[in-house]
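Read the structure below first, then the notes.
Readers should treat all values here as calculations from the given coordinates under stated rules, not as data from a laboratory. Since the structure is predicted, the reported quantities are computational estimates derived from the model, not experimental observations. Note that each Cβ is placed from the backbone with ideal geometry, even for glycine, and that neighbours are counted across all protein chains shown.
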């Protein structure tokens with residue numbers, strides 16, 4: 001294949017570098033699989049503990065929603081989606097910050113990979129980790145609560161959209177951050193508040209104004225609401241609006257992350 005010059009001193013194969021992209025994805029997947037007890041088993045057990053606390057300490061075993069649905073059936077999908085989203089965010093953000101701190105970020109910049117290929121590799125890795133965590137968590141929860149499956153397409157669709165969103169957000173946070181304290185600040189002041197205002201533990205129509213409006217503008221709500229709809233067949237908001245919002249936001253976050261990679265912001269010294 002023809003070799004071309006894309007930047008001074010940089011040579012790469014014209015078109016997509018399939019081998020390089022596959023290698024980056026494989027590296028990201030193997031990175032979290034090597035410590036699967038931390039990246040897969042631990043989130044599943046943590047979610048089960050959350051579920052147990054709400055079932056036993058807060059009367060969840062007997063509690064019913066106002067639409068007659070069991071509270072535990074309502075709660076479980078939200079907890080699973082929350083675990084998937086958090087791990088997708090952690091996969092990209094931690095990978096970038098570790099590379100920057102250890103100084104091996106150059107190993108990512110030296111190979112003939114374009115900004116788009118690097119971005120794609122990280123995003124695919126984060127989505128795979130999110131889906132793996134979701135599968136492990138669902139398998140563990142299913143032992144205790146046999147969740148119904150109303151719309152598998154909705155489950156898979158919102159799982160991918162949600163982990164894609166959090167993976168892109170993690171990339172932006174990882175590029176911006178210079179140490180783990182910055183990642184913690186990003187998580188504490190952006191991710192955690194949006195998560196608790198997403199309707200994971202409650203129906204958002206019980207919120208007073210202006211929190212009800214804020215929840216309906218929260219993309220995390222549509223991510224969890226659509227995923228929950230795939231299991232129980234009921235949604236607090238519009239499923240179609242959720243798809244459109246997530247697609248729009250994901251596109252914007254991906255473009256921003258791409259531009260940050262392309263410009264070398266806080267990566268190229």
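For this structure, a couple of remarks:
- Pairs of alpha carbons in the stretch 157-266 whose separation is greater than 16 Å (percent): 62 percent
- Highest-first packing order for the peptide set 93-104, 217-228 is 217-228, 93-104, based on the mean count of other beta carbon atoms within 10 Å.
- Computed Rg/Rh of the stretch 3-263, alpha carbon atoms with Kirkwood Rh: 1.01
- Average Cα contact separation per residue, the chain, under 8 Å, 6 or more apart, as relative contact order %: 24 percent
- Degrees between helix 42-56 axis and first principal axis of the chain (Cα, 0 to 90, nearest 10): 20 degrees
- In the chain, the longest principal axis of the Cα atoms and the axis of helix 219-232 are about 60 degrees apart.
- Unit Cα scatterers, Debye sum, the stretch 67-147: log10 I(q)/I(0) for q = 0.16, 0.17 Å⁻¹: -0.70, -0.75
- Spin-label model, residue 29 to residue 241: label points 7 Å out along the Cα-to-beta-carbon direction sit 3.7 nm apart.
- MRE, 222 nm, helices only [DSSP H, n ≥ 4, -39500 (n - 2.57), over the chain, to nearest 500]: -22000 deg cm²/dmol
- Straightening the chain between residue 18 and residue 109 buys 31.1 nm, computed as 0.36 nm per residue apart minus the Cα-Cα spacing.
- Within the listed set 197, 171, 56, the residue fluctuating most in the Gaussian network model of the chain (springs between alpha-carbon atoms under 10 angstrom) is 56.
- Rounded to the nearest 10 degrees, the inclination of helix 239-263 to the longest alpha-carbon principal axis of the chain is 30 degrees.
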